[in-house]
Amino acid sequence: MTPALTPESKEYREALRIGRPPNIARLFPESRALIVSGRFIDRAMLAKGRAIAMAANGRSAFVIRGALLAAQAANACLIVEIARSEGGTKAYCAVNYWNIARQVNAFCNELGITIPVAIHADHYGIKTPADIDPARREIPSLFEAGLTSIAIDASHMPDDQNLLANLALADCVPAWAGLETEVGEIKGEQGLSSPEEALFLIQGLNAHGIFPDWIALNNGTTHGLEASGQGIQVELTRRVHDVIAPYGVSGAQHGTSGNSSERLREIAQRTRTTKANVATALQMISWGLKVNDYGNALRDEAGDLIKMAGQGVEEPMWEQMVAYARQQGWKAGDYKKLNLPFENRLLAQPQPIRERMTAHVRDFAHAMMVDVFNARDTAPLCLQAILEAGGYDPGPKARRTEDPAQWTPERIAARAAGRCGEKGPQGNFDD
């Protein structure tokens, strides 16, 4: 194993000096946390090859702390993220778009974390064209608050509107920031993405000088508890990634909870995926719920989640959480909404309880990073990329090859006409 990065080394001090984006340097001028653009995390995974960075959905302080400690132990790069539904203006988590960077920075300095970390706004959802103008006002505030990467998710809309929304919001994202786009709303085996619609989106962006680092697909998973279904379709993912390979776009895997370690290893080995979101599994593990070997929460015969004695939150606290959920009429899949009303109560538990919650996340995340995602020792590769770039932006992985005259709004609409654009059933698929 490559030695961990040390804050005393000349290379680390230089990376801190040149590698932190302007917003991070402004917000945290005395920090020793190496918070970087999401672009560098992608580049580190590509440098190692067949490696995926964990994108831990930081729904609570316990998840963020556990993921940081896991990445430090694995000497691996990390992305800490929060989705708009989790941490936007209508959030169900106390961690949000505007405080997540401050928490990550504080924990890095407290815990002696030296691995590179990107802070990502996941699923910034655009569901109708009317959402674009408010987004143009709001997105800059996310970067002012310390985010270093964003996913513009207009996949709910038809292909032409998805592309046009991405084009309309591109100038709100700093040129140095990591950028993710999405095609095919994530909702399991219905409304699967196709190579053709992914190529349509990426070519249209390329024509306008926009070069995403990642594309997320509906490749067969859902968000949250995975009850049934085929899960990740590796061959479909490989075909999509091969079609868009000339445009230098990596894959972002959503909906990992409920998919076996073998399936996730296959995604790492057979596709161009460099980012994988892990959300529900980390939440459930922090609470001390019984999960299978790949993090999906198990239920008893009555369909209730199973609390493990002596793990996670205190038993009386779990009883309060269950009672609150029942009062709201929430089923197991809605327990994520407990994050907001209970974050402060969980932080008020005795220190040994808080530490075991964090430790369970750390152990699970470390095993996933090392044994599944092949991300061990990617932190030095990220450091090297920063030093080679000589600054906080490695630049895009592609260049413009498409003719912008062929991708005007009128031609985009014409190209999209007649496309099936099947989005699958309506529902809550925002995480």
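Could you tell me whether residue 327 is surrounded by fewer than 16 Cβ atoms within 10 Å (Cβ to Cβ) and farther than 17 Å from residue 64 by Cα? Here the answer is yes, as residue 327 does meet what is asked.
Restricting attention to the stretch 290-317, the residues being in a loop (DSSP other than H, G, I, E, B), out of contact with any His (no Cβ under 8 Å at 6 or more places or on another chain), under 21 Å from residue 278 (Cβ atoms) and not aliphatic (A, V, I, L, M) number 6.
Note on the stretch 249-271: among residues that are modelled with pLDDT of 95 or more and in a loop (DSSP other than H, G, I, E, B), the one that is surrounded by the fewest Cβ atoms within 10 Å (Cβ to Cβ) is 271.
Residues checked against (1) of a type in the set (A, V, I, L, M, F, W, C); (2) touching a His at 6+ places or on another chain (Cβ under 6 Å):
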site: 60; (1), (2): no, no
site: 70; (1), (2): yes, yes
site: 93; (1), (2): yes, no
site: 98; (1), (2): yes, no
site: 157; (1), (2): yes, no
site: 163; (1), (2): yes, no
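Matching residues to (1) at pLDDT below 95; (2) under 24 Å from residue 371 (Cα atoms); (3) surrounded by fewer than 24 Cβ atoms within 10 Å (Cβ to Cβ); (4) out of contact with any Leu (no Cβ under 8 Å at 6 or more places or on another chain):
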{"site": "46", "(1), (2), (3), (4)": "no, yes, yes, yes"}
{"site": "49", "(1), (2), (3), (4)": "no, yes, yes, yes"}
{"site": "54", "(1), (2), (3), (4)": "no, yes, no, no"}
{"site": "57", "(1), (2), (3), (4)": "no, yes, no, no"}
{"site": "60", "(1), (2), (3), (4)": "no, no, no, no"}
{"site": "63", "(1), (2), (3), (4)": "no, yes, no, no"}
{"site": "79", "(1), (2), (3), (4)": "no, yes, no, yes"}
{"site": "102", "(1), (2), (3), (4)": "no, no, yes, no"}
{"site": "116", "(1), (2), (3), (4)": "no, yes, no, no"}
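Cβ-Cβ contacts under 6 Å between residues 6 or more apart (or on different chains), taken from a first residue in the stretch 309-333 that is within 14 Å of residue 353 (Cβ to Cβ) to a second residue that is among the basic types (Lys, Arg), are listed as 318/307. As for the stretch 81-98, it holds at least one residue that is aliphatic (A, V, I, L, M), assigned to a strand (DSSP E or B), within 24 Å of residue 43 (Cα to Cα) and touching a strand residue (DSSP E or B) at 6+ places or on another chain (Cβ under 9 Å). Candidates are the residues of the stretch 7-61 that are in a loop (DSSP other than H, G, I, E, B) and closer than 24 Å to residue 248 by Cβ; the one that is nearest to the chain's Cα centre (by Cα) is 52.
Assess whether residue 379 counts as being buried (at least 17 other Cβ atoms within 10 Å of the Cβ), closer than 23 Å to residue 178 by Cβ and not charged (D, E, K, R).
Spelling it out, residue 379 is indeed buried (at least 17 other Cβ atoms within 10 Å of the Cβ), closer than 23 Å to residue 178 by Cβ and not charged (D, E, K, R).
When restricted to residues that are crowded, with 24+ Cβ neighbours inside 10 Å, in contact with a strand residue (DSSP E or B) (Cβ under 7 Å, 6 or more places away or on another chain) and not acidic (Asp, Glu), the stretch 141-163 contains 9. Only one of the numbered conditions (1) over 16 Å from the mean Cα position of the chain (by Cα); (2) free of Cβ contacts under 8 Å to residues at least 60 places away in the same chain is not met by residue 124, and that is (1). Considering 282, 305, the condition of being crowded, with 16+ Cβ neighbours inside 10 Å, touching a helix residue (DSSP H, G or I) at 6+ places or on another chain (Cβ under 8 Å) and farther than 30 Å from residue 115 by Cα is satisfied by 305 alone.
Among the residues of the stretch 118-140, just one is closer than 21 Å to residue 33 by Cβ and either surrounded by fewer than 24 Cβ atoms within 10 Å (Cβ to Cβ) or of a type in the set (D, E, K, R) (or both), namely 122. Can you name the residue in the stretch 363-376 that is in contact (Cβ under 8 Å) with a residue 24 or more places away in the chain and surrounded by fewer than 21 Cβ atoms within 10 Å (Cβ to Cβ) and, of all such residues, is farthest from residue 268 (Cα to Cα)? Looking at the filtered set, the residue picked out is 363. Sub-7 Å Cβ pairs linking a first residue in the stretch 11-31 that is farther than 17 Å from residue 173 by Cα to a second residue that is of a type in the set (S, T, N, Q) and surrounded by 17 or more Cβ atoms within 10 Å (Cβ to Cβ), at least 6 apart or interchain, are 12/114; 28/105; 31/105, ordered by first then second residue. For the stretch 127-170, residues that are under 23 Å from residue 100 (Cα atoms) and of a type in the set (Asp, Glu) total 3.
The values are calculated or read from the model by the stated rules, or taken from the named source; none is laboratory data. Please read all numbers here as calculations on a predicted model, not as lab measurements. Here Cβ is always computed from backbone atoms with ideal geometry, including for glycine, and neighbour counts include all displayed protein chains.
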